[in-house]
Amino acid sequence: MNANISNPENAIEVRNVHKFFKVYEDKGTMLRERIVNIGRNKYEKREVLKGISFDVKKGEAVALIGRNGCGKSTTLKMLTKILRPNEGTIAEQGRISSLIELGAGFHPDLTGRENIYINASIFGIKNKEVDRRLDDIIAFSELEQYIDNPVRTYSSGMYMRLAFAVAINVDADILLVDEILAVGDQAFQTKCFNKLRDLKANGMTIVLVSHSIGQVKQICDRVIWIEDGLIRDEGPARKICDDYLNDMELKRLERVEVEAKMRDQKEKESLENGELSQEEKNIIQEKLNNSMKCQKICSQCGPDARRSGTGEAEFTDVIMVNEKGEPCTRFATGDKLSIRIKFKANDTSKNLNFTFGITRSDWVYCYGNEMQECTGHTISGKEAGEVVLTINKLNLLKGAYFLDFWIQDEAGVEIDCIHNLIVMHVEEDTGKDHGIMGMDHDWEIQ
Amino acid sequence: MISRLKEIIEYKDMIYSMVKRELRGRYQKSALGMLWALLFPLFQIAIYTFVFGVIFPSSIENYYIYLTAGIVPWTFFSEAVGQGAGCIVNNSNLATKIYFPREVLPISAVLAKFINMLLAFVIVFLFIVIGGVGINPAAIWFLPIVMIAEFILCLGFTLLFSAITVYIRDMEYIVGILMMAWIWGTPIMYSMDNLQPIVKVILLCNPMTSIVQSYHAVLYYKQLPDTLYTAITWGSAIIILVIGELVFAHLEGDFAEEM
């Protein structure tokens, strides 16, 4: 099971690892079931890892990313030796410490100080070493005043702070971290995060499992993307993370579309079944109309569109077009595009102000503006009309973006707001710009 | 096997912590605290003495001392093995999340009970001194040897049962019932002297018989135990430990998956 490292520069070598889990139809840990099932293999083998291989160099920080259940935590558990691979080998050199379970072995009736010793000893740290680090640990936890109180009197945040302080202050060559950086308040999280970066700067090898792509990008040199028990891609953190996010978003949108259809179907059925009061029917009808309305006014309507507002005016048609005037939602960085917005006013006395915003698929608000601020005008006294917003040069880089459209009055009251109406894909960028958007720039070598 | 032992020794601080956690944690919140380690056996002795000294009077002289010398070591055995059987499943949050030699858990569980027994021995010595039996220096030096043998036997059984309990949860209950019967198969409330030879042989198949007889010899009869008893004691303790560890080592790899 445990092999020797073949390349001395590597801290971890994983070779063609397979892992099966037995999935019992009804897991029989009761003796009766064990006896009844003797000789019958009443379980299925589920292959969680289907042969993965990778190396981690000494001093490197690597993240494993992937959707829930893809096998990344299983991989991490095998690196800690809690699970054994069914096939393949894992070789590691150096002392391994894991931040998988925080507060292991904490006893609620013992003091914070006593629990530090217990917790550290479970990680294999000698009491002498804890003596030496005790002040660091207590200082890191910021619990100086409370350290001699029983842990049961701690708030959950204090508890986690103490647990994290012990875990992060261990001496190791390889640190395995499973999704635990979400501890405590913002200030403490930042502190933990910086500590992790310090450890890395001091040459510790780190393997991280995280769903926080932002953290992964900041700490890790390299990312391994696991999908369905296989390595789908690996490479520099920024590139793999972006590809992963895009892929996740596409899958999510597909899913939302399916769910929206199912929901509409169900609501239609419940309307027809007629066991509901008139009031309930009206609510459902309105919801149905709403989602249909978004589709009706915009052929490019995304599955996530949500609409609300007072209704004195409303959008009647929204379409995004390219330079040639053809409907289009896929662009390249630098393209010109226009959005044609038709509306009607049910109450012509209102001064209508149009607002538009762009949000990236990971909920970073990228850009927005409003007509009144840009032009000094609002629209009033018209029963219907059209406004056109033209973006001369799309600076956004590769990714999926949501477009929001709002009609407000001059006081900011929301008359008709549609979030995520159009999903815009920027499919090509220069490849030389990184971040959210491109900037006009020059390099000069002098 | 040697590397395994080395690793367990590496983790001796964890064993120390787990024992401390068990003992401190257990008594921390109760008003009488550690005193319970003495009170519990005291009441146990009082109840059995009432039954076998007053209701069904026994022919054994100084019955309560005879009883004490056997029941205190027995309590260690039955608690260590009975509660130790669940030591892996009850610590599943540790065993499924963190790597450490799994033997640490049964070792700590047995060690904590062992320390409890040492505390309870305050009562044993109190009784033999106050009761007039006294201490024979020529025999008493053998006491630690019997205790260590009993510790090894307990550890063997606990390794065995705790590993099996991971796969068959009923084991915990079965061990509980086993203990209930086992106490009567051990000469604690009665003496072996007046038994039929065949019954004696059957009782000697129980490794706890020779251990309890050794305690009786050293503490009650103030003499060195029979060589045969000592041989059975150490032989069975080592065999059970080896079997326990072999089974444990064999099953240990898949603990995390089974829990």
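Computed from the coordinates by the stated procedures, all read-outs in this text should not be read as laboratory data. Keep in mind that this is a model prediction, so the values were computed, not measured. Neighbour counts run over all protein chains shown; Cβ positions are idealised from the backbone, glycine included.
Given H placed on each backbone N at 1.01 Å, which residues far from A:VAL48 in sequence or on other chains put an amide H within less than 5 Å of it?
Those lying under 5 Å, H to H, from A:VAL48 are A:LYS19, A:PHE20, A:PHE21.
Let me check the size of the range A:104-167 from its C-alpha atoms; what are the radius of gyration and Dmax in Å?
In order Rg, Dmax, the Cα atoms of the range A:104-167 give 10.3, 29 Å.
Please identify every one of the GluC sites (Glu not before Pro) in the range B:55-115 that sits in a loop by DSSP and has no more than 15 other beta carbons within 10 Å of its own beta carbon. Mind dumping the intermediate values first?
Values: sites: B:GLU61, B:GLU79, B:GLU103; in loops: B:GLU61, B:GLU103.
Filter output for the range B:55-115: B:GLU61.
Please compute the length gained on full extension between A:GLU414 and A:CYS366, using 0.36 nm multiplied by the number of residues separating them and subtracting their Cα-Cα distance.
Details: separation 48, 0.36 × 48 = 17.28 nm, distance 2.10 nm.
Full extension of this stretch gives 15.2 nm more.
Please list, ordered by chain and number, the residues whose modelled amide H lies under 5 Å from the amide H of A:ARG232; skip anything fewer than 5 residues away on the same chain.
Counting only residues 5 or more places away or on other chains, the set is A:TRP225, A:ILE226, A:GLU227.
Please report, in debye to the nearest 20, how large the charge dipole of chain A is about its Cα centre when each Lys and Arg carries +1 at its beta carbon and each Asp and Glu carries -1 there.
On the way: 60 positive and 72 negative charges, 385 e Å.
For chain A, the charge dipole is close to 1840 debye.
For the pair A:LYS266 and A:ASP233, what calculated FRET efficiency results from E = 1/(1 + (r/R0)^6), where r is the Cβ-Cβ distance and R0 = 35 Å, to the nearest 0.05? It would help to have the intermediate numbers written out before the result.
Numbers: r = 37 Å, r/R0 = 1.07.
Step by step, r from the Cβ atoms, then E = 0.40.
Quick one: Debye curve from the alpha-carbon atoms of the range A:306-385 only, equal weights, vacuum; give me log10 I(q)/I(0) at q = 0.17, 0.22, 0.26 Å⁻¹ to two decimals.
Here the Debye-derived log intensity ratios amount to -0.88, -1.23, -1.32.
So how many Å³ per residue does the convex hull of the Cα atoms of the range B:1-106 work out to? Walk me through the numbers before you get to the answer.
On the way: hull volume 15.7 nm³, N = 106.
Convex hull of Cα atoms, per residue: 148 Å³.
Along each of the three principal axes of the Cα atoms of chain A, give the extent in whole Å, ordering the values from largest to smallest.
The Cα atoms of chain A stretch 81, 78, 49 Å along the principal axes, largest first.
About the Cα centre, and with charges only on the beta carbon of Lys, Arg (+1) and Asp, Glu (-1), how big is the dipole of the range B:1-99? Nearest 20 debye, please.
On the way: 9 positive and 6 negative charges, 92 e Å.
Charge dipole, the range B:1-99, about its Cα centre: 440 debye, nearest 20.
What full-extension length gain, to one decimal in nm, is calculated for A:GLN189 and A:ASN351 as 0.36 nm per residue of separation minus the Cα-Cα distance?
Working: separation 162, 0.36 × 162 = 58.32 nm, distance 4.59 nm.
Full-extension gain reported as 53.7 nm.
Work out, in µm²/s and without decimals, the Stokes-Einstein translational diffusion coefficient of the range A:159-261 at 37 °C, 0.692 mPa s, Rh from Kirkwood over C-alpha pairs. Don't skip to the answer; put the middle values down first.
Working: Rh = 15.4 Å.
D = 213 µm²/s.
Hey, can you grab everything whose amide H is under 5 Å from the amide H of A:ILE415? Only 5+ residues off in sequence or another chain; H modelled, so Pro and N-termini drop out.
A:THR310, A:ILE407, A:GLN408, A:ASP409
If the cut-off is a Cα-Cα distance under 20 Å, which lysines reach A:LYS344, setting aside same-chain residues fewer than 8 apart in sequence?
Straight-line reach from A:LYS344, under 20 Å: A:LYS293, A:LYS296, A:LYS382.
Go ahead and collect, in residue order, the members of the range A:388-424 whose backbone nitrogen is under 12 Å from a label point 7 Å along the Cα-Cβ direction of A:GLU323.
What the label zone holds, given the 12 Å backbone N cut-off, is A:392-394.
Any chance you could list P(r) for the range A:289-446, counting all Cα-Cα pairs in 5 angstrom bins from zero, rounded to whole %?
2, 9, 18, 21, 19, 14, 9, 5, 2, 1, 1, 0, 0
Between B:GLU10 and B:VAL247, what is the spin-label point distance in nm, taking each point 7 Å from the Cα along the Cα→C-beta axis?
Calculated label separation equals 2.7 nm.
Within chain B, what is the number of lysine pairs with alpha carbons under 26 Å apart, leaving out pairs fewer than eight places apart on the same chain?
Here the count comes out as 13.
May I ask you to derive the FRET efficiency for B:SER191 and B:LEU118 from their Cβ-Cβ distance with R0 = 22 Å, giving the value to the nearest 0.05? Walk me through the numbers before you get to the answer.
Values: r = 26 Å, r/R0 = 1.17.
That gives a FRET efficiency of 0.30.
Say we join alpha carbon atoms closer than 10 Å with springs in a Gaussian network model of chain A; which of A:ILE213, A:ILE231, A:ILE82 then has the biggest fluctuation?
Per the Cα network of chain A with a 10 Å cutoff, A:ILE82 tops the list.
Using label points projected 7 Å from each Cα along Cα→Cβ, tell me how many nm separate A:ASP433 and A:SER299, to one decimal.
Calculated label separation equals 3.0 nm.
Just in the range A:341-446: which GluC sites (Glu not before Pro) are loop by DSSP and have at most 11 other Cβ atoms within 10 Å?
Details: sites: A:GLU370, A:GLU373, A:GLU383, A:GLU386, A:GLU410, A:GLU414, A:GLU427, A:GLU428, A:GLU444; in loops: A:GLU383, A:GLU410, A:GLU444.
Those satisfying the criteria are A:GLU383, A:GLU444.
Placing one identical point scatterer on every Cα of the range A:43-121 and ignoring solvent, what is log10 I(q)/I(0) from the Debye formula at q = 0.23, 0.25 Å⁻¹?
Result of the Debye calculation: -1.18, -1.31.
Which value, to two decimals, describes the C-alpha radius of gyration of the range A:377-435 once divided by 2.2 N^0.38 Å? Please list the in-between numbers first.
Values: Rg = 15.8 Å, N = 59, 2.2 N^0.38 = 10.4 Å.
In units of the globular-protein estimate, the range A:377-435 measures up at 1.53.
Please identify every one of the trypsin sites (Lys or Arg not before Pro) in the range A:233-272 that sits in a loop by DSSP and has no more than 13 other beta carbons within 10 Å of its own beta carbon.
Working: sites: A:ARG238, A:LYS239, A:LYS251, A:ARG252, A:ARG255, A:LYS261, A:ARG263, A:LYS266, A:LYS268; in loops: none.
Of the trypsin sites (Lys or Arg not before Pro), not one in the loops of the range A:233-272 has a Cβ with at most 13 other Cβ atoms within 10 Å.
Can you give the Rg/Rh ratio of chain B, where Rg is from the C-alpha atoms and Rh is the Kirkwood radius? It would help to have the intermediate numbers written out before the result.
Working: Rg = 18.9 Å, Rh = 19.3 Å.
Rg/Rh for chain B comes to 0.98.
Run the reach check for A:LYS432 against lysines, Cα to Cα strictly under 16 Å, same-chain hits fewer than 8 apart removed. What comes back?
Result set, ordered by chain and number: A:LYS239, A:LYS398.
Please give the length that would be gained between B:ALA231 and B:ASP170 if that part of the chain were fully extended, namely 0.36 nm times their separation in residues minus their C-alpha to C-alpha distance (nm, one decimal). Mind showing how you got there, number by number?
On the way: separation 61, 0.36 × 61 = 21.96 nm, distance 3.34 nm.
Result: 18.6 nm gained on full extension.
Determine Rg/Rh for the range B:50-130; Rg is computed over alpha-carbon atoms and Rh is the Kirkwood hydrodynamic estimate from the same atoms.
Radius of gyration relative to Kirkwood radius: 1.19.
If I model a spin label at A:ASN127 and A:GLU279 as a point 7 Å from the Cα along the Cα→Cβ vector, what separation in nanometres do I get?
For A:ASN127 paired with A:GLU279, the spin-label model returns 6.8 nm.
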